[in-house]
Amino acid sequence: MSDGVAAVSKFLTWSVVDGPGNRFVLFLQGCNYHCVTCHNPHTIGVCSDCGACVAVCPSGALKKSGRKVVHDPGPCISCDSCLSACPTRANPMVRRMTVNDVLELLRRNAPFLNGLTVSGGEATLHLDFLIDLFTAIKAAPDLAHLTLFIDSNGNLPAEGWQRVLPVTDGVMLDIKAFDPERHRRLTGADNDLSLASARLLAEAGKLYELRFLMIPGETDSPEEISALSALAHELGPHTRLRLNAFQHHGVRGPAATWAPMPRAGVEAAAGVLQASGLAEVVLPSVWLP
Ligand code: SF4
Ligand code: SF4
């Protein structure tokens, strides 16, 4: 069991792009991948209280209190200067929230919601909190109508999924690359667990959507698209497949200079996947210029 508390990087009271319907989204802090193309890199690290962000805060919202860096939401102007200044890709504005804190927020917004999605960072790093939270929601008569989803990179062993799936309605799973060396280069981790997770989730009937980020010169190759097609067919021809297009928004480091993925390339890949017999191929909902 967790102590019922998790480090929350951010929450959205309403989103239509994080699963089916209108959803409350909780972004938990910390990730076991270090994706060079991450568009939320400040959710990856854990704050070491180094203090580097305090000096760049223009509103005095960050202070050192003993060895800790403390954030005061009152004067914060949400400029995100602290995020850019952090050497460890952490976020000094992270708040510790209890299961009851989240239940309270859900109750305030429940009439407008179809469900809750827990994302990250990597949501499954907080597995005990997820299980406690989902169990509490399913036991609450006024919240039991909410569907409970996880947005994950799949880097979780089968034993972990077996613990959380009984209280989970669906999982959106990112596959970052099929070629093992490319996956290591893009994420800093192997892809064997993610691929095993895709199979386990499909078998359990809990794979809501498989997601694949197309990056020019990396994951847009015929070999990668062919491997994606093969996996989706193995999981079932009705596997819902979402193609995302690499863009610069939020990206830090060398990948910020990489070319964005052109719309024509994503549409061509979607055509190949559909022609192979995959029924549900979803394109990005928003195309950035
Ligand atoms: S976003 Fe960060 S740097 Fe900007 S005002 Fe808030 S705490 Fe300070
Ligand atoms: S958020 Fe980053 S820069 Fe700020 S104290 Fe923590 S580790 Fe240092």
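The values are calculated or read from the model by the stated rules, or taken from the named source; none is laboratory data. None of these values were measured; they are calculated from a predicted model. Counting neighbours? That spans all protein chains shown, and the Cβs are built from the backbone with ideal geometry, glycine included. To get the accessible areas, we keep the full protein, side chains included, count just its heavy atoms, and leave off ligands, DNA and RNA. Shrake-Rupley method; radii C 1.70, N 1.55, O 1.52, S 1.80 Å.
Below, the figures for the structure above:
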item: Cα long-axis angle, helix 263-275 against the chain (0 to 90 degrees, to the nearest 10); result: 50
item: Separation between Cα centres of segment 1-48 and segment 63-102, rounded to whole Å; result: 14
item: Options A227, P254, V46, ranked by Cα towards positive dipole end of the chain, top entry (Cβ charges); result: V46
item: Segment E159-R184, length gained on full extension (0.36 nm per residue, minus Cα span); result: 6.7 nm
item: Average Cα contact separation per residue, the chain, under 8 Å, 6 or more apart, as relative contact order %; result: 18
item: With Cα atoms, 0 to 90° folded angle of helix 127-139 axis to the chain main axis; result: 90
item: Acute angle (nearest 10 degrees) that the helix 99-109 long axis makes with the longest principal axis of the chain, alpha-carbon atoms; result: 70
item: Kirkwood-based shape ratio for segment 212-289, expressed as Rg/Rh from alpha carbons; result: 0.99
item: In the chain, lysine pairs with alpha-carbon atoms under 27 angstrom apart (chain gap of 8 or more, or interchain); result: 8
item: GNM top mover of L105, L213, L273 - the chain, alpha-carbon springs below 10 Å; result: L105
item: Percent of beta bridges antiparallel (DSSP, the chain, rounded to nearest 5); result: 35
item: Residues of segment 116-137 with amide N under 15 Å of the 7 Å Cα→Cβ point at H145; result: 116
item: Per-residue SASA entry for H34, accessible area with 1.4 Å probe, Å² rounded to 10; result: 110
item: Volume of the Cα convex hull of segment 1-154, divided per residue and given in Å³; result: 124
item: Debye log10 I(q)/I(0) for segment 86-125, one point scatterer per Cα, at q = 0.17, 0.21 Å⁻¹; result: -0.65, -0.87
item: Value in Å of the Kirkwood radius, where the chain supplies the Cα pairs that are averaged; result: 20.0
item: Residue-span extension gain [S276 to S226] - 0.36 nm each, minus C-alpha spacing; result: 17.0 nm
item: Taking N as its residue count, the alpha carbon Rg of segment 245-289 over 2.2 N^0.38 Å; result: 1.37
